[in-house]
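Visitor: Before we start, here is the structure in question, set down as structure tokens.
Each value in this text was obtained by applying a stated rule to the coordinates, not by laboratory testing. None of these values were measured; they are calculated from a predicted model. When we count neighbours, we look across all protein chains shown, and the Cβ atoms used for this are built from the backbone with ideal geometry, even at glycine.
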Amino acid sequence: MAKLAIAISGGPRPAEIVEILVRAEELGYESGWVAEGHGGDQFAVAAAAATKTERIKLGTAISSVFVRTPPTIAMAAATLDDISNGRFILGLGSSHKVQVEPEHGVTYSKPIARTRETVDFISRLISAGAAGIEGETITIENFDLWFNPVRNNVPIYLAGLFPKMVETVGEIADGIILTRSTLSTAANIRESLAKGAARVGRDPGGIAITSLLPTSISENRTAAFDAMRPGLAFYLGFFPRYNRLVSEHGFANEAAHVAAAWKVGDFEEASRRVSDEMLDATGIVGTPADARAKIAAYRASGIDLPILSPFARGPKARETFDYVLDACAGA
């Protein structure tokens, strides 16, 4: 059966996110992924969902390697895996300097090295019960777990966009979490994963390719596109890495115009500069029929697990997620 997932990145209240994940399980979704940002503690939300579900896999998409220590992440992962009886996937990433430093007061430096060392430490701690590390970015004398994990190899998926990080995923991770992918993305990603895997003698075929796909669905196509514009404007204006990504997808001029408007605080103009073509190329937008067809197209392109990622804020955020879940169930 084809796999489909849902991701929640804020909007609904934490208790509502738990209800959304329960509903996703009822509708047959393979997994539910909880972001953090400003939307509530992702591990607490996922743990609550684990107690109210039985089959759906639960993951973090993503947890930053900078804002928690490696032992803290490892304990959270092992705890969630225990509560969910082996249904947890630890999604990690470096996040962004524009978030980590001003919002958390933590120095952002050498993100790939930090990610690599975090994965190494977490894997060894969960598998052996104790670990230490003296690395380029992390030094921990020793840390031991005071309980036995339900699994000694919790799957670790890493966020990656560009070749150097994707190759690192090929070396050390069980899966990759992409975002704002086009129908051409997976083929290029597979090449970079294979290159990294070859360096350590791994089979790249076992590395899952997932992608967070911004999703906006309505019976009114114009309304669906308009609802999605502010989210992409924010990503292009605030995050240099995502501006580069969409530029490399073939929208360099449009991405530059959005960033310029965002820089001077003209957020409405930034949204107006987001074209329908950009939205359609980098996500799932339109009617329910459009959405189901695009999900199939992403699978055919090589995305193993499409992860629907609605952008919703305000009092009707929960309704948006429920509508998307129902519209795409069984797709």
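Visitor: Quick one: which residues, 5+ away or cross-chain, put their amide H under 5 Å from the amide H of Ser216? H built at 1.01 Å from N.
Guide: Those qualifying (amide H under 5 Å, at least 5 residues apart or on another chain) are Ile284, Val285, Gly286.
Visitor: Per residue of the chain, what 222 nm ellipticity follows from adding -39500 (n - 2.57) for every DSSP H run with n ≥ 4, rounded to the nearest 500?
Guide: -15500 deg cm²/dmol
Visitor: What is region 225-284's relative contact order, in percent, from Cα pairs under 8 angstrom and six or more apart in sequence?
Guide: Taking the mean separation of contacting Cα pairs over the length of region 225-284, I get 39 percent.
Visitor: Could you tell me which of the pairs Lys52/Lys97; Lys3/Lys164; Lys52/Lys164; Lys164/Lys263; Lys164/Lys316 are separated by over 30 angstrom between their Cα atoms in the structure shown?
Guide: Table pairs above 30 Å Cα-Cα are Lys52/Lys97; Lys52/Lys164; Lys164/Lys316.
Visitor: Can you list the aspartates and glutamates whose alpha carbon sits under 16 Å from that of Lys57, skipping same-chain ones fewer than 8 residues off?
Guide: The qualifying aspartates and glutamates are Glu19, Glu25, Glu26, Glu30, Asp81, Asp82, Asp174, Asp304.
Visitor: While we're here: Hey, what do the phi angles of region 47-61 turn into as Karplus ³J(HN,Hα) couplings, whole Hz, using 6.51/-1.76/1.60 and θ = phi - 60°, x for Gly and Pro?
Guide: Using θ = phi - 60°, the values come out as 5, 4, 5, 4, 6, 10, 10, 10, 10, 5, 6, 10, x, 9, 9 Hz.
Visitor: Okay, moving on. Given a 10 angstrom Cα cut-off, can you work out which residue in Ala233, Ala289, Ala50 is the most mobile in a GNM of the chain?
Guide: Ala289
Visitor: Please report the relative contact order for the chain, taking Cα pairs under 8 Å with a sequence separation of at least 6, and give it as a percent rounded to a whole number.
Guide: About 18 percent, as a whole number.
Visitor: For Thr179, what charge total do you get from the other residues with a beta carbon under 14 Å from its beta carbon, if Lys and Arg give +1 and Asp and Glu give -1? Walk me through the numbers before you get to the answer.
Guide: Working: positive: Arg180, Arg241, Arg244; negative: Glu248.
Cβ neighbours under 14 Å give a net charge of +2.
Visitor: May I pose another question? In what sequence do Ser127, Ser309, Ser192 fall when counting other Cβ within 10 Å, fewest first?
Guide: Ordered from fewest to most neighbouring Cβ atoms within 10 Å, Ser127, Ser309, Ser192 come out as Ser127, Ser192, Ser309.
Visitor: Collect residues whose amide H, placed 1.01 Å from N in the peptide plane, falls under 5 Å from the amide H of Leu92; neighbours closer than 5 in sequence don't count.
Guide: So Leu92 has HN proximity to Ser63, Tyr157, Leu158, Ala159.
Visitor: Hand me the trypsin sites (Lys or Arg not before Pro) from region 1-66 located in a DSSP loop with no more than 14 other Cβ atoms within 10 Å, in residue order please.
Guide: Arg55
Visitor: A further question follows. For the chain, what is the Kirkwood hydrodynamic radius in Å, using each pair of distinct C-alpha atoms?
Guide: 20.1 Å
Visitor: Ignoring the sites themselves, what is the longest stretch of the chain with no chymotrypsin sites (Phe, Trp or Tyr not before Pro) in a DSSP loop and at most 12 other beta-carbon atoms within 10 Å?
Guide: Working: sites that count: Trp146, Phe147.
By the stated rule (loop sites, at most 12 other Cβ atoms within 10 Å), 148-331.
Visitor: Something else: Explain nothing, just compute: Karplus ³J(HN,Hα) = 6.51 cos²θ - 1.76 cosθ + 1.60, θ = phi - 60°, for every residue of region 26-42 in order, whole Hz, x for Gly and Pro.
Guide: Those phi angles translate into 4, 8, x, 5, 6, 7, x, 10, 10, 8, 10, x, 10, x, x, 5, 5 Hz.
Visitor: Where a ≥ b ≥ c are the square roots of the eigenvalues of the C-alpha gyration tensor, would you call region 23-63 rounded, which needs a/c under 1.5, or, failing that, prolate if a/b is larger than b/c, or oblate? Provide the component values of the computation, followed by the final result.
Guide: Numbers: a/c = 2.38, a/b = 1.75, b/c = 1.37.
It comes out prolate by the Cα gyration axes.
Visitor: Shifting gears a bit: In terms of the Cα gyration tensor, with a ≥ b ≥ c the square roots of its eigenvalues, is region 225-284 rounded because a/c is under 1.5, prolate because a/b exceeds b/c, or oblate?
Guide: oblate
Visitor: Another one. Residue by residue, what Karplus-based ³J(HN,Hα) values in Hz, rounded to whole numbers, does region 290-305 have, using 6.51, -1.76 and 1.60 with θ = phi - 60° and x for Gly and Pro?
Guide: 4, 5, 5, 5, 5, 4, 4, 5, 5, 4, 4, 6, x, 7, 5, 9
Visitor: Would you please give the residues with an amide H less than 5 Å from that of Thr179, counting only those at least 5 places away or on a separate chain, with H modeled from the backbone geometry?
Guide: Amide H neighbours of Thr179, under 5 Å, 5+ apart: Leu212.
Visitor: Taking the highest mean first, how do the peptides 163-175, 201-213 order by number of other beta carbon atoms within 10 angstrom per residue?
Guide: Working: 163-175: 20.5, 201-213: 17.8.
Put in order of decreasing packing, that is 163-175, 201-213.
Visitor: A further question follows. Looking at the chain, send over the antiparallel percent of its DSSP beta bridges, to the nearest 5.
Guide: Of all bridge pairs located within the chain, approximately 10 percent are antiparallel.
Visitor: Another question, then. Between Val119, Val65, Val106, where does the largest GNM mean-square fluctuation fall for the chain, given springs only between Cα atoms within less than 10 Å?
Guide: Comparing Val119, Val65, Val106 in a Gaussian network model of the chain, the most mobile one is Val106.
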